[in-house]
Amino acid sequence: HMKKYVAPSVLGCDLSNLHSESIDVIQGGCDWLHLDVMDGHFVPNLSFGPPVIKCLRKHLPSAYFDCHLMVTNPEIWVEPMSQAGASRFTFHIETQSSQESLESLLQSIQSHNMHTGIAIKPSSEIPLFIDPVVEKGLVDLILVMTVEPGFGGQKFMESTMEKVRSLREKHQKLNIEVDGGVNSETVLIADQAGANAFVLGTFVFNSPDRKKTLSDLRKSLNI
Ligand code: DX5
Ligand code: ZN
């Protein structure tokens, strides 16, 4: 059985209090802190980038920073993100047009001592050139977007579960993460489909008792 991970997305918090909001969910019982980097080009929104993550890293030396880059040119952010203290660098497959570019990006992330992740939008098909790089051990996680990337607070698209199921059938040991519209109900749908990492923004940060919300989530996932 795959180990399961709960990853609150700080996009759902009071970003002017990023440090204390992060501590709140870490103490409440989360596995990863999900950090959404947006460039206003790949997605129609801006969030934060390496300078903010670097400051947060100083306060939280041991937290796992699960970074999701919604950016057009992931290649140029590998070095800055690693300098900022990212634990994982997840980029979008839509930015890659060949197995060669994909492979060299993954290798560059690994050589910068970060875990790799490949994200995929709800409407994108998984390209066949992913399989060989997975077989080579270059991919640690695939992030199946369950909403259109760019904004928190949207509705979970259940149609994306087909992708989760087929990925899990093919790759038993791969981490499969879902992101967008995950709450106490949809988390179970994703779990059933074979996902083992769950990103939650508004559901965790807007809940009146975050500690209880996180511990209820963990109980319902048997973690
Ligand atoms: C969306 C981001 C998500 C977002 C999820 O582009 O990738 O991580 O914060 O927020 P909720 O859980 O509110 O859908
Ligand atoms: Zn995200």
Of the numbered conditions (1) buried (at least 18 other Cβ atoms within 10 Å of the Cβ); (2) touching a strand residue (DSSP E or B) at 6+ places or on another chain (Cβ under 9 Å); (3) at negative phi, GLY85 satisfies every one except a single condition; which is it? (3)
Condition first: more than 11 Å from ligand 1 (Cβ to nearest atom), out of contact with any helix residue (DSSP H, G or I) (no Cβ under 7 Å at 6 or more places or on another chain) and at positive phi. Can you find one or more residues in the range 110-117 that meet it? no
Consider VAL134 carefully, then state whether it is touching a Lys or Arg at 6+ places or on another chain (Cβ under 6 Å), buried (at least 18 other Cβ atoms within 10 Å of the Cβ) and hydrophobic (A, V, I, L, M, F, W, C). no
Here's a check for you: in the range 141-162, which residue that is within 16 Å of ligand 2 (Cβ to nearest atom) and charged (D, E, K, R) is nearest to LYS121 (Cα to Cα)? GLU148
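Could you please give the count of residues in the range 177-212 that are in contact (Cβ under 8 Å) with a residue 60 or more places away in the chain, surrounded by 16 or more Cβ atoms within 10 Å (Cβ to Cβ) and not in a loop (DSSP other than H, G, I, E, B)?
Going through the range 177-212 one residue at a time, the tally reaches 12.
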Could you tell me how many of the residues in the range 178-193 are within 16 Å of ligand 2 (Cβ to nearest atom) and touching a helix residue (DSSP H, G or I) at 6+ places or on another chain (Cβ under 9 Å)? 8
The conditions are (1) modelled with pLDDT of 95 or more; (2) surrounded by fewer than 19 Cβ atoms within 10 Å (Cβ to Cβ); (3) of a type in the set (Phe, Trp, Tyr); (4) in contact with a helix residue (DSSP H, G or I) (Cβ under 7 Å, 6 or more places away or on another chain), and PHE151 fails exactly one of them. Which is it? (4)
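Yes or no, residue by residue, for (1) out of contact with any Lys or Arg (no Cβ under 8 Å at 6 or more places or on another chain); (2) of a type in the set (Gly, Ala, Ser):
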| site | (1), (2) |
| --- | --- |
| ALA7 | yes, yes |
| LEU11 | yes, no |
| HIS68 | yes, no |
| SER87 | yes, yes |
| GLU94 | no, no |
| SER108 | yes, yes |
Checking ILE109 against (1) closer than 23 Å to GLU79 by Cβ; (2) surrounded by fewer than 22 Cβ atoms within 10 Å (Cβ to Cβ); (3) in contact with a strand residue (DSSP E or B) (Cβ under 9 Å, 6 or more places away or on another chain), which test does it fail? (2)
Tell me the residue from ILE23, ILE53 that is more than 12 Å from ligand 1 (Cβ to nearest atom) and either touching a strand residue (DSSP E or B) at 6+ places or on another chain (Cβ under 8 Å) or of a type in the set (Lys, Arg) (or both), please. ILE53
Within the range 36-53, the count of residues that are part of a helix (DSSP H, G or I), away from ligand 2 (no atom under 14 Å from the Cβ) and either without any contact (Cβ under 8 Å) to a residue 24 or more places away in the chain or within 16 Å of SER22 (Cα to Cα) (or both) comes to 1
Among the residues in the range 114-135, are any more than 30 Å from THR213 (Cβ to Cβ), at pLDDT 95 or above and within 16 Å of ligand 2 (Cβ to nearest atom)? yes
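The values are calculated or read from the model by the stated rules, or taken from the named source; none is laboratory data. Quick caveat: nothing in here was measured; it's all calculated off a predicted structure. Note: ideal-geometry Cβ built from the backbone for every residue, glycine included; neighbour counts use all protein chains shown.
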